[in-house]
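Just so it is clear, none of the values below were taken in a lab; they were calculated from the coordinates. None of these values were measured; they are calculated from a predicted model. Because the Cβ atoms are built from the backbone with ideal geometry, glycine has one as well, and the counts that use them run over all protein chains shown.
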Amino acid sequence: MMKKTKSIVAEHGGACFFCGRPAECEHHLLFGNGARKLAEQDGLKVPACNNCHNMGRLPERIHDNPMAEKLSKILGQAMYEAKIGDREEFRERYGRSYL
């Protein structure tokens, strides 16, 4: 079982990072091709309500919304570089750069 880490992005896990409603899940800022597991280890995640995460209307949710997914990955990389390592370390760990 993978140990859950605390978010390095959001200090308060009770409210959705996007709309402020009660959080029901976590959104990993980096996902796909094994990145979700690494994002969990690095704390690159934010609390989210189900509506903003993946159950709301397409323009309101992160998943299946190409612009929101891209912005999520940019934020994930920016937080990694601000709190964990440099851009080259990010590229080595996640296989590419979003910045």
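Output the peptides 55-66, 13-24 sorted from most to least packed, where packing is the average of other Cβ atoms within 10 Å over each peptide's residues.
Working: 55-66: 13.2, 13-24: 15.2.
So the peptides 55-66, 13-24, ranked by packing, come out 13-24, 55-66.
Principal axes first, then extents: for the Cα atoms of the chain, list largest minus smallest coordinate on each axis, whole Å, largest first.
Largest first, the chain extends 35, 27, 26 Å along its Cα principal axes.
Need the full-extension length gain, GLU60 to ILE84, defined as separation in residues times 0.36 nm minus the C-alpha distance. One decimal, nm. If you can, show how the numbers build up before the last one.
Values: separation 24, 0.36 × 24 = 8.64 nm, distance 2.98 nm.
Working it through step by step, the gained length comes to 5.7 nm.
Need the full-extension length gain, ARG96 to CYS19, defined as separation in residues times 0.36 nm minus the C-alpha distance. One decimal, nm. Before the final figure, lay out the partial values.
Values: separation 77, 0.36 × 77 = 27.72 nm, distance 2.93 nm.
That pair, ARG96 and CYS19, stretches by 24.8 nm at full extension.
Which number gives the lysine pairs in the chain that have C-alpha atoms under 13 Å apart and are eight or more places apart or on different chains? Please report the intermediate quantities before stating the final value.
Details: LYS3/LYS37; LYS4/LYS37; LYS4/LYS45; LYS6/LYS45; LYS37/LYS45; LYS45/LYS73.
Summing the qualifying lysine pairs gives 6.
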